[in-house]
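See below for the structure under consideration.
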Amino acid sequence: MAEGDAGSDQRQNEEIEAMAAIYGEEWCVIDDCAKIFCIRISDDIDDPKWTLCLQVMLPNEYPGTAPPIYQLNAPWLQGQERADLSNSLEEIYIQNIGESILYLWVEKIRDVLIQKSQMTEPGPDVKKKTEEEDIECEDDLILACQPENPVKALDFDVSENRTELEIEELPPIDLPITDRRSTFQAHLAPVVCPKQVKMVLAKLYENKKIASATHNIYAYRIYCEDKQTFLQDCEDDGETAAGGRLLHLMEILNVRNVMVVVSRWYGGILLGPDRFKHINNCARNILVEKNYTSSPEESSKTLGKNKKVRKDKKRSEH
């Protein structure tokens, strides 16, 4: 495989894992080998009035030089409304050529559905057809920067019973994810400079449980206001490629001035690619809980302006 193809394949895999972590059951794999996926998008998850099924196929050239091949499935989507939505998706691609755009596409469609829901109510026949379309669409294949006292901001306590970093009040803590005796736990702290990243790691390692983890994978993104770009980095800590995948998730969610560390305690059974899913799910949950995720509009404005600094990665097959 050519070096360029290998790079595109890795970026696609990272994006797929990130999308699965972000959207959960809404994200459906139709053909993993052909990179064909489907996602159900609704105006409201709990009480959907309008729903659309977006199917995408990722060509080998995506995201470098080619867009995803897509199909919009909804019985109510016709004529000018379909054309306007297609134009919006294509405009997003043009504005972000070379970048991963599936998240931006999904959230743009969701915005359109929300606006439609606010303007009108679907009739019972339309709603029924839309729900049927949701079920059927999975079987279809595609044809076609500094605070006043940054040190004080990091004045948190880590104990044996509280493995999540806390900044002010203790929020509800997500339970660790356990799979085949491996356990995954995320930690989060705000950071505005690389020095604080080292401070966070030092504080975490004061906790014996965290220090004993098989891997402590981390990534951070710091927004540089003067240059309007991001300073970011990641570390696998022996879990090959996990840091890069975690950073990619944070890029897609367009988080800023935050560091996420995911600890993994290896249970003796190899998990294969599932380990990346658990790492991303842990990270996504804590970022959402702490309100670090941004709107799609903000993501579109800053996507592609990232300054990346990668470290050497240790090797592991856990």
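The values are calculated or read from the model by the stated rules, or taken from the named source; none is laboratory data. Everything numeric in this text was worked out from a predicted model, so none of it was measured. Reconstructed Cβ throughout: ideal geometry from the backbone, glycine too, with neighbour counts over all protein chains shown.
Selection of first residues in region 110-125 that are closer than 21 Å to Tyr23 by Cα and modelled with pLDDT of 85 or more and of second residues that are polar (S, T, N, Q) and surrounded by 10 or more Cβ atoms within 10 Å (Cβ to Cβ), restricted to Cβ pairs under 8 Å at least 6 apart or on distinct chains, gives the following pairs, ordered by first then second residue: Arg110/Ser42; Val112/Ser88; Leu113/Ser42; Leu113/Thr51. Taken over region 52-66, the criterion of being within 18 Å of the chain's Cα centre (by Cα) and aliphatic (A, V, I, L, M) is satisfied by Leu54, Val56, Leu58. Evaluate the following for Lys108: is it surrounded by fewer than 19 Cβ atoms within 10 Å (Cβ to Cβ) and either among the basic types (Lys, Arg) or not assigned by TED's automatic domain parsing to the domain that holds Ile39 (or both)? Here the answer is no, as Lys108 does not meet what is asked.
Checking each residue in region 225-250 for being in contact with a strand residue (DSSP E or B) (Cβ under 6 Å, 6 or more places away or on another chain), in a strand (DSSP E or B) and not β-branched (Val, Ile, Thr) picks out Phe230, Leu231, Gln232, Cys234, Glu235. In region 76-99, the count of residues that are within 27 Å of Ile279 (Cα to Cα), modelled with pLDDT of 90 or more and assigned to a loop (DSSP other than H, G, I, E, B) is zero. Annotation: of all residues in region 212-226 being within 15 Å of Val192 (Cα to Cα) and either of a type in the set (Val, Ile, Thr) or in contact with an Asp or Glu (Cβ under 8 Å, 6 or more places away or on another chain) (or both), the one that is surrounded by the fewest Cβ atoms within 10 Å (Cβ to Cβ) is Ile222. Return the only residue of Ala153, Ala186, Ala202, Ala219 being modelled with pLDDT of 90 or more and over 30 Å from Tyr103 (Cα atoms). Exactly one of Ala153, Ala186, Ala202, Ala219 is modelled with pLDDT of 90 or more and over 30 Å from Tyr103 (Cα atoms), namely Ala202. Do we have any residue at all in region 46-53 that's in the same structural domain as Asp111 (by TED's automatic domain parsing), within 26 Å of Ala242 (Cβ to Cβ) and among the basic types (Lys, Arg)? No, there is no match, as no residue in region 46-53 is in the same structural domain as Asp111 (by TED's automatic domain parsing), within 26 Å of Ala242 (Cβ to Cβ) and among the basic types (Lys, Arg). Scan region 1-42 for residues that are modelled with pLDDT of 90 or more and on the phi > 0 side of the Ramachandran plot and the total you get is 1.
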